[in-house]
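Here the structure comes first, spelled out in structure tokens, and everything after it is commentary.
The values are calculated or read from the model by the stated rules, or taken from the named source; none is laboratory data. Predicted, not measured: the structure shown is a model, and the values here were computed from it. Backbone-built Cβ (ideal geometry, glycine too); neighbour counts: all protein chains shown.
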């Protein structure tokens, strides 16, 4: 059995596509994903946007982004079905699980470096909530300027 991975699927439907056609396309993606024991984590309909370049006779398109979890066979089937769809003018499936892993490692490294620097200065490894940037402790709203006169 193939390992489950994370993917981003973005497809562009024609500008003259109705909401019903886009909903039907999303339903088709859901059915394919379910058939291959995958799942859709998130769907974002970005709406009608201008294309970076003309595709066929289209200058605009309806963008839809979907975050999927599934196997490589699922992406092959999605690719095959989206290629023959009359509604979709362009689509792209990208594997993102490695990128998410790299981002998580970088975040953990930043936190470890920050904790190491704080300990070297004699502070606790984690900052207190009052030390956080952007905290507005003065309730009068004048920005702490009362003693500047």
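Need at least 3 residues that are without any contact (Cβ under 8 Å) to a residue 40 or more places away in the chain per element, so show me which strands (runs of 3 or more DSSP E) inside the range 1-110 make the cut, counting only ones lying wholly within it. Because the criterion is at least 3 residues that are without any contact (Cβ under 8 Å) to a residue 40 or more places away in the chain, the strands (runs of 3 or more DSSP E) in the range 1-110 that meet it are 39-55. Residues in the range 104-149 that are modelled with pLDDT under 80 and closer than 30 Å to residue 6 by Cα: 0 in all.
The set of residues in the range 52-80 that are surrounded by 15 or more Cβ atoms within 10 Å (Cβ to Cβ) and over 23 Å from the mean Cα position of the chain (by Cα) contains only 58. On the stretch given as the range 1-16, residues that are modelled with pLDDT of 90 or more and either loosely packed, with under 12 Cβ neighbours inside 10 Å or within 19 Å of residue 86 (Cα to Cα) (or both) total 8.
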